[in-house]
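Report on the structure given below.
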Amino acid sequence: MLSFLKRDTTKSLQKAYEKKLTEAQQAQRNGDIRSYSMLSEEADKLYKMLQAGQQDKP
């Protein structure tokens, strides 16, 4: 009935993924390779969750 009020988890995961990639890129540009590595790993986890969610949808 009020399905338009539900949040779309795919969109929120996509935004979080893009934000992590941007943060990782900035860390790499600043020469902070350790932070870049950690942020890239987090972005990879988000990407895998995003892919799993898209496979579930018809």
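Computed quantities for the displayed model
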read-out: Hz values of 3J(HN,Hα) by residue in the range 12-26 - Karplus curve (6.51, -1.76, 1.60), Gly and Pro given as x; value: 5, 5, 5, 5, 5, 5, 5, 5, 5, 5, 5, 4, 5, 4, 5
read-out: 3J(HN,Hα) from dihedral phi, the range 45-54, Karplus parametrisation 6.51/-1.76/1.60, rounded to Hz, x for glycine, proline; value: 5, 5, 5, 5, 5, 5, 5, 5, x, 6
read-out: Fully extended contour minus Cα-Cα distance, from Arg29 to Lys11, at 0.36 nm per residue; value: 3.8 nm
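Computed from the coordinates by the stated procedures, all read-outs in this text should not be read as laboratory data. Because the structure is a prediction, the values reported are computed rather than measured.
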